Amino acid sequence: MVQEISDDLPEGEKENAEETPIIDLASDTFFMGQAMRQAQKAYLAEEVPVGAVIVRDGSILARSHNQVETLRDATAHAEMLALTQAEEALDDWRLTDCDLYVTKEPCPMCAGAIVHCRIRRVIFGCADEKGGAAGGFINLLQQPTLNHFSEVTQGVLEEDSKTLLKTFFLEAREKKKRGGE
């Protein structure tokens, strides 16, 4: 099911959305903000706070957040879950005209799936120098020997993404010191 962006507007602004555009729908910052909302859901669920949305033609097709602990599934990363939702929404595994917004640089597993699905563009918040696969550690998204090449934009809402991740891991370490409460 394709969800229009206007569904995300606060009450009272929906009626005027067509007459007076309140948001630039092409804005990377807007869509990354939507991914941040998903990351906050992960944070509240005590999951690593990473969120993702997939956009096509100005509409959000899919939204997800990390659910590794919740689903007890090591592959339940925000990107993987969003890719599956978008494929279902389009009834096609090829997502060639879709853009993925994710709060943290994709890992190698997610980057492999992104390449396989042929995502046009990947926009992420903060880099992961130890395990990122969009240029942080390695760059699978732009590997010349693979069958697809995704455009990469990094640093959108970078500080917000970093802050949420740092807070999560700081709290997790403190909780562990106190005995896991």
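The values are calculated or read from the model by the stated rules, or taken from the named source; none is laboratory data. For clarity, every value in this text was computed on a predicted model and none was experimentally measured. Here the Cβ is made from the backbone with ideal geometry for all residues, glycine too, and neighbour counts use every protein chain on show. Please note that ligands, DNA and RNA were not included when accessible areas were found on the heavy atoms of the full protein model with its side chains. Shrake-Rupley method; radii C 1.70, N 1.55, O 1.52, S 1.80 Å.
Values for this structure:
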{"read-out": "Conditions (1) open to solvent by less than 50 Å² (accessible area, probe 1.4 Å); (2) touching a residue at least 24 places away in the same chain (Cβ under 8 Å); (3) over 26 Å from Gln85 (Cα atoms): number failed by Ile138", "value": "(1)"}
{"read-out": "Residue in region 158-166 that is of a type outside the set (A, V, I, L, M, F, W, C), farther than 24 Å from Arg56 by Cβ and open to solvent by less than 30 Å² (accessible area, probe 1.4 Å) present", "value": "no"}
{"read-out": "Subset of region 143-157 (residues that are among the polar types (S, T, N, Q) and open to solvent by 60 Å² or more (accessible area, probe 1.4 Å))", "value": "Gln143, Thr145, Asn147, Gln154"}
{"read-out": "Selection within region 55-74 - over 13 Å from the mean Cα position of the chain (by Cα) and not in a loop (DSSP other than H, G, I, E, B)", "value": "Arg56, Ser59, Val68, Glu69, Thr70, Leu71"}
{"read-out": "Exclusive hit being aliphatic (A, V, I, L, M), in contact (Cβ under 8 Å) with a residue 24 or more places away in the chain and closer than 30 Å to Arg173 by Cβ, set Ala62, Ala76, Ala89, Ala52", "value": "Ala52"}
{"read-out": "Arg121 basic (Lys, Arg) and within 18 Å of Ser64 (Cα to Cα)", "value": "yes"}
{"read-out": "Selected residue [crowded, with 19+ Cβ neighbours inside 10 Å and among the basic types (Lys, Arg)] from Lys104, Lys176", "value": "Lys104"}
{"read-out": "Pick from region 75-90, criterion out of contact with any Cys (no Cβ under 9 Å at 6 or more places or on another chain) and outside any loop (DSSP other than H, G, I, E, B), ranking: surrounded by the fewest Cβ atoms within 10 Å (Cβ to Cβ)", "value": "Glu88"}
{"read-out": "Given (1) outside any loop (DSSP other than H, G, I, E, B); (2) open to solvent by 10 Å² or more (accessible area, probe 1.4 Å); (3) in contact with an Asp or Glu (Cβ under 8 Å, 6 or more places away or on another chain), number of the condition Ala52 does not satisfy", "value": "(2)"}
{"read-out": "The listed residue being within 21 Å of Met32 (Cβ to Cβ) and more than 13 Å from the chain's Cα centre (by Cα), out of Phe169, Phe124", "value": "Phe169"}
{"read-out": "Scope region 1-49; condition open to solvent by 40 Å² or more (accessible area, probe 1.4 Å) and modelled with pLDDT of 50 or more; matching residues", "value": "Ala26, Thr29, Arg37, Gln40, Lys41, Tyr43, Leu44, Ala45, Glu46, Val48"}
{"read-out": "In region 112-131, the residues that are under 21 Å from Asn147 (Cβ atoms) and surrounded by 24 or more Cβ atoms within 10 Å (Cβ to Cβ)", "value": "Ile114, Ile119, Val122"}
